[in-house]
Amino acid sequence: MSTPTWAPPCPVCGTPAAPAPAPCGTCGLPAVAQAATVVARLGATIDEFRRERDALVATLRAAAVGGPVVASPPVVASPPVVASPPVVASPPAAPPRPPAWAPPLPPAVPAPPPTAPRVAPPAPAPVPRRRVSPQQVLVGLGALLVVAASLAFVAVAWTRLGVTFQAAVMAAVTAAAAGASAWTARRGLRATEEALAAAGAALLAVDLGAAHALRLWGADAVPGRLWAALSCTLVALVAVGLGRSTRSTVTWPVVALLAAQPVGLLLLPDGQDGRVAGVAVVAGTALADVLVVLLLRRSLHPLALGLAALWAVAVALRGLALAWSLDPVQSWTATVLLGVAGAVAVPLLRELRPADPRLVAAVAAGLSAVALSGSLSGVGVLGPVAAGGLGLVLLAAAAPVRSAPAVLAALLTSGAALVATGGGVVAEAGRTDLLALLALAATVPAALAAVLRPELRAVATGAALAAPGVAGGLASGTLLRPEAAGLLLAAVAAVAFGVAALRAPSPEEAAAASVGGATGLVAGLLTWPTGAHGLVAVDLAVAGAAAGVYALVTRQRLVAALAVAELVVAGWIAAAGAEIRTPEVYTLPAAAGLLLLAVPALRSGAPSWAAEGAALAVALVPSAVVVVADPTAVRLTGVVVAAAALTVAGTLTHRQAPFVVGAGTLLLVVAGRLGPYAPLVPRWVTLATVGLVLLVVGATYERRRQQAREAVAWVAQMR
């Protein structure tokens, strides 16, 4: 039997593999025969997978077009070793490309295959409510009775037994409870384990309290606060040790955490709890509760953080009270303490992430700012002013901040707190002059926010425009005379309306226009008590003119009406201040304002009564009434000429309002002027005139009736 002359190729160079275990004679690949066999088997397997994939694709395509499904031919397994001709002196081949295990299937027809109906995922099973089991009730009651029996034993039987026996009994019961808790923990009896641990902790506290109260072994020589602190420390240490020995017991770490809370306060001397030392100890306790989170199991994190939050609230309340106290040392020490506590708490809580870092930073910064304002208020009146100025600086510094939300929240909160508290103290002191300076300085941060913060641009624009107005109002009578303050507010109103016109139709338009209207009104009210009616008229005229320009640019009809009304009132106030009694001085400006408002209606061809009717009536009717009551040659001539001109203009333009107002005014003047002379006419003249009129009317009745109808129809057809 002869040896075969072929062998599998080397996977690297392609040379026929040498018999095992010899290396390749060309490239030196060790165990080349085994490597070649494995590579050949992998290639055969890949070819088999490729043939199965092609058969499956063909079957799917046939099913997609609706044709008969042709069974795929059976796949014949390839031999494990594939022979190949030898390749002599070939260079090392590149490693083969990995096959595409999930190639995209090209669609054979444009219509997609039918999809299976979607099945809704099953609803999650409801979480069962945790209920107290009978076992937990029994073991809890048992532990409670054991503790009650211990208290009764201490209170009643303590004096009947010897000291050694008494202490031995209590220590034995306490140790038995703790040991039984550990024993049940190893056997998985969780409820019994926790109940016995709670009983053991309570018994230990009873032992320590009884030892001091009943003067056991001279324990009464130790002061009560010190003994309580030592007892809490001992309970905490014992609980920590037992908790490390039984990892499953939750009661021991809880007891250790609760027992350690009052130790710091108990170690303070009497009377120091409510002072800065007590605040510092409470702050340290809160910080320790936060740090102990790193050592406790996750289920106890809420308890530790809750205790830290309670201590933090106590620190904040007492620290602020001390910061606003009259003792400078206590005040400044409390302020520094709150600042340091906030500076430590913010990065620590940011790492632990128990809450939103922005909220933590805002609260810490706000508390520190309020405390600083309280300390500065003890310096004098300049202290609150400095606090308000510092707050404005912080608000201005917050305008460009974008990439640090926590820093932005801290700057905004601290700045607002300083401005509010400092301004409140200055206002309480009655220093409106200093308050006016703070209000004027508030323009800077508001303007920066309006420029750099698009999301706050509307509110910031209103604040930046209102701040000078508020400053002018506060400075009236102190830094400025009321007349000058009124002119300043009128100028601010004009600027506000100008900004509104330039920024239309952006969101800040409404804010600027509102500030302009309010400031213009306040300008007139501020100057009115001085009796300078001319200056009041000037203030209203400036604000009204600016409002009119804004209304003209933005086509705001309501604002235009208010602007015209303001201008008319300004003219009336000026005339009243000059003691002018001529009615035309009051009626003609009002008529001009109404006619100005009617310009859009006139341009659009509206009916005459809706356009110029009101203006013409206001301009002419009051003067006609005055002519009838108190005639003068100039007024009579002017009214008659104006009425005749309106009648002719209405006739030519075919507009009803000018014709009716003009003709009615002429009839009113004629009747009013001839009325006094009617009694002087002889009776026969009156009778003859009336008779002739009746004869003429009766003779031409039908014709006059038709003419009257035509006249009424002609007037009614006017616009």
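The values are calculated or read from the model by the stated rules, or taken from the named source; none is laboratory data. Since the structure is predicted, the reported quantities are computational estimates derived from the model, not experimental observations. FYI the Cβ positions are ideal-geometry reconstructions off the backbone, even for glycines, and counts take in every protein chain you see. Calculation scope for accessible area: heavy atoms of the full protein, side chains included, ligands and nucleic acids excluded. Shrake-Rupley method; radii C 1.70, N 1.55, O 1.52, S 1.80 Å.
Counting only protein heavy atoms, what percent of the accessible surface of region 313-380 is carbon or sulfur at a 1.4 Å probe?
Carbon with sulfur: 71 percent of the solvent-accessible area.
Length gain on complete extension for the stretch residue 506 to residue 258, per 0.36 nm per residue less the alpha carbon to alpha carbon distance?
Using 0.36 nm per residue and subtracting the Cα-Cα distance, I get 83.5 nm.
Quick one: dipole size for region 184-343, taken about the Cα centre, charges +1 on Lys/Arg Cβ and -1 on Asp/Glu Cβ, in debye to the nearest 20.
The dipole magnitude comes to about 600 debye.
Once the other residues with Cβ under 9 Å from the Cβ of residue 246 are scored (Lys, Arg +1; Asp, Glu -1), what is the net sum?
Within the 9 Å Cβ shell, the charges total +2.
On average, how much accessible surface per residue is there in region 419-576, in Å², for a 1.4 Å probe, leaving out ligands, DNA and RNA?
46
With a 1.4 Å probe and all protein chains left in place, how much of the accessible area of region 569-682 comes from carbon and sulfur atoms, in whole percent?
76
If packing is taken as the average number of other Cβ atoms within 10 Å across a peptide's residues, how do 614-622, 363-371 rank, most packed first?
363-371, 614-622
I need the peptides 479-491, 600-612 ranked by packing, meaning the mean over residues of other C-beta atoms within 10 angstrom, with the highest value on top.
Going by the mean number of other Cβ atoms within 10 Å, highest first, we get 479-491, 600-612.
Taking the dipole about the Cα centre of region 304-422, with the C-beta of Lys and Arg at +1 and of Asp and Glu at -1, give me whichever of 379, 420, 352 is farthest to the positive side.
In region 304-422, that residue is 352.
In whole percent, and with a 1.4 Å probe on the protein chains, what portion of the accessible area of region 496-546 is carbon and sulfur?
Its accessible area is 77 percent carbon and sulfur atoms.
Over region 196-305, average the accessible area per residue using a 1.4 Å probe and give it in Å², no decimals.
Per residue, region 196-305 has 48 Å² of solvent-accessible surface.
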